[in-house]
Amino acid sequence: MKHRNQVFDNVLDLVGNTPLVKLNRIASKFKGDFYAKVESFNPGHSSKDRIALYIIEEAERKGILSPGDTIIETTSGNTGFSIAMVSIIKGYDCVLAVSSKSSPDKIDMLKTMGAKVYVCPAHVSADDPRSYYEVAKRLHSEIKGSVYINQYFNQLNIDAHYKSTGPEIWEQTKGKITHLVACSGTGGTISGTAKYLKEQNPDIKVIGVDAFGSVIKKYHETREFDEKEIYPYRIEGLGKNLIPTATDFDVIDEFVKVTDEDSAHTARLIAKTEGMFVGYTSGAVTQALLQLGDEGRFKKDDYVVVIYPDHGARYMSKVYSDKWMNDQGFFDSINEAAAENIQY
Ligand code: PMP
């Protein structure tokens with residue numbers, strides 16, 4: 001990975017080495033200093049560039065991939081975009097099996113990036129041959145020389161962050177980091193980063209962020225899968241209804257849960273206070289930070305790092321739409337939305 005004041009051979013040289021930016025206002029009422037690792041500075045605008053590049057290059061190192069081969073994954077989200085981008089540069093076919101619930105915008109974006117998109121029915125169970133999991137598995141077994149990224153169950157997802165995000169934060173903070181607060185979806189980001197940081201200093205506190213409606217926090221506390229925890233929620237990329245093996249629960253000290261509504265308001269507040277246009281889960285991790293601050297968890301000289309996983313542009317029809325916010329009941333009325341905009 002190279003520095004940005006150079007000329008680059010292609011966009012993949014821009015993966016990683018994202019900036020750590022001080023949060024000057026949003027948490028200023030708390031003791032300590034707060035910084036965000038802003039992953040939207042990756043060329044695919046999210047932290048998933050790191051795992052896409054790392055997993056594909058690992059397959060190349062092992063001799064599994066040669067030009068013209070196929071990369072398969074089951075996501076319409078950030079990972080799909082990153083895999084499509086890496087595939088174009090390296091000359092692979094990218095096949096994404098996605099749910100019919102995925103928005104047309106997302107599907108169009110992936111096709112624009114050269115991916116072949118299989119839209120699979122959302123209403124069938126995971127073990128149905130038509131589900132996107134089963135379609136991906138079938139394509140993987142049928143297409144010779146294909147690689148199935150399988151991010152929720154791939155140890156290389158953790159390794160990618162262990163080798164890049166962790167060392168970057170350690171170097172950027174000159175070893176002064178005291179707390180890491182990060183969202184957990186596959187768990188790859190928090191697990192790999194935390195593992196590296198705790199090897200440097202075992203006293204660093206690692207706090208994961210989970211959604212209400214997800215099983216992850218309860219599993220961390222009990223090591224039991226509690227189905228009763230599961231119900232629908234709106235934040236994408238955070239929490240899960242299964243236990244991913246890409247989460248190393250031993251390097252995470254605790255989980256904090258955040259609501260859809262608080263996270264949405266906090267995402268909008270980040271734009272208006274810090275001038276950073278970031279995604280819904282950046283709102284979630286900052287909301288967790290505010291909850292921890294309100295509990296008096298930070299003291300003078302604490303050096304707290306949060307990870308902002310992606311860019312706000314992907315959420316224009318959601319969190320950054322006053323209409324969407326109002327439709328979710330996140331505003332008492334559309335007038336409140338207008339008032340929020342005038343206030344700052
Ligand atoms: N935020 C967003 C927007 C994401 O897409 C993801 C990945 N699912 C995460 C946070 C969580 O990252 P990880 O999967 O590494 O836990």
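The values are calculated or read from the model by the stated rules, or taken from the named source; none is laboratory data. This structure is a prediction, so every number in the text was calculated from the model and none was measured. Note: ideal-geometry Cβ built from the backbone for every residue, glycine included; neighbour counts use all protein chains shown. Side chains included, ligands, DNA and RNA excluded: accessible areas come from the protein's heavy atoms. Shrake-Rupley method; radii C 1.70, N 1.55, O 1.52, S 1.80 Å.
Annotations
- Of Lys116, Lys299, the residue with the largest accessible area leads and the full order is Lys299, Lys116 (1.4 Å probe).
- Seen from every direction in turn and averaged, the convex hull around the alpha carbons of region 1-91 projects onto 7.9 nm².
- Solvent-free Debye scattering, log10 I(q)/I(0), computed from the Cα coordinates of region 214-344 at q = 0.12, 0.13, 0.22 Å⁻¹: -0.54, -0.63, -1.38
- Of the residues Ser282, Ser87, Ser100, the one that moves most in a GNM of the chain with alpha-carbon contacts below 10 Å is Ser100.
- Heavy atoms of Glu142: accessible area, 1.4 Å probe, square angstrom to 10: 110
- Using 0.36 nm per residue and subtracting the Cα-Cα separation, the extra length available between Val124 and Ser141 on full extension is 4.0 nm.
- Computed E for Ser103/Arg61 - FRET, C-beta separation, R0 45 angstrom, nearest 0.05: 0.80
- √(5λ) per eigenvalue of the Cα gyration tensor, the chain, largest first, Å: 30, 24, 21
- Of the listed residues Leu269, Leu197, the order by accessible area with a 1.4 Å probe, largest first, is Leu269, Leu197.
- Listed residues Trp324, Trp170 arranged by accessible area, highest first, probe 1.4 Å: Trp170, Trp324
- Residue among Phe30, Phe255, Phe81 with the largest mean-square fluctuation in a Gaussian network model of the chain, springs linking Cα atoms under 10 Å: Phe30
- Estimated translational diffusion coefficient (Stokes-Einstein, Kirkwood radius over Cα pairs, 20 °C, 1.002 mPa s) of region 47-148: 158 µm² per second.
- Within a Gaussian network of the chain (alpha carbon springs, distance under 10 Å), most fluctuating of Asp49, Asp294, Asp33: Asp294
- Taking label positions 7 Å along the Cα-Cβ direction at both Glu254 and Phe277, the computed distance is 3.6 nm, reported to one decimal.
- With distances taken between every two different alpha-carbon atoms, region 136-287 has a Kirkwood hydrodynamic radius of 16.4 Å.
- Cα gyration tensor, region 265-326 - rounded (a/c under 1.5), prolate or oblate: prolate
- Among the protein heavy atoms, those of Arg130 account for about 130 Å² of accessible surface (1.4 Å probe, every chain in place).
- DSSP beta bridges in the chain [antiparallel fraction, %, rounded to 5]: 15
- Solvent-accessible area of Glu295 with every protein chain in place, 1.4 Å probe, in Å² to the nearest 10: 120
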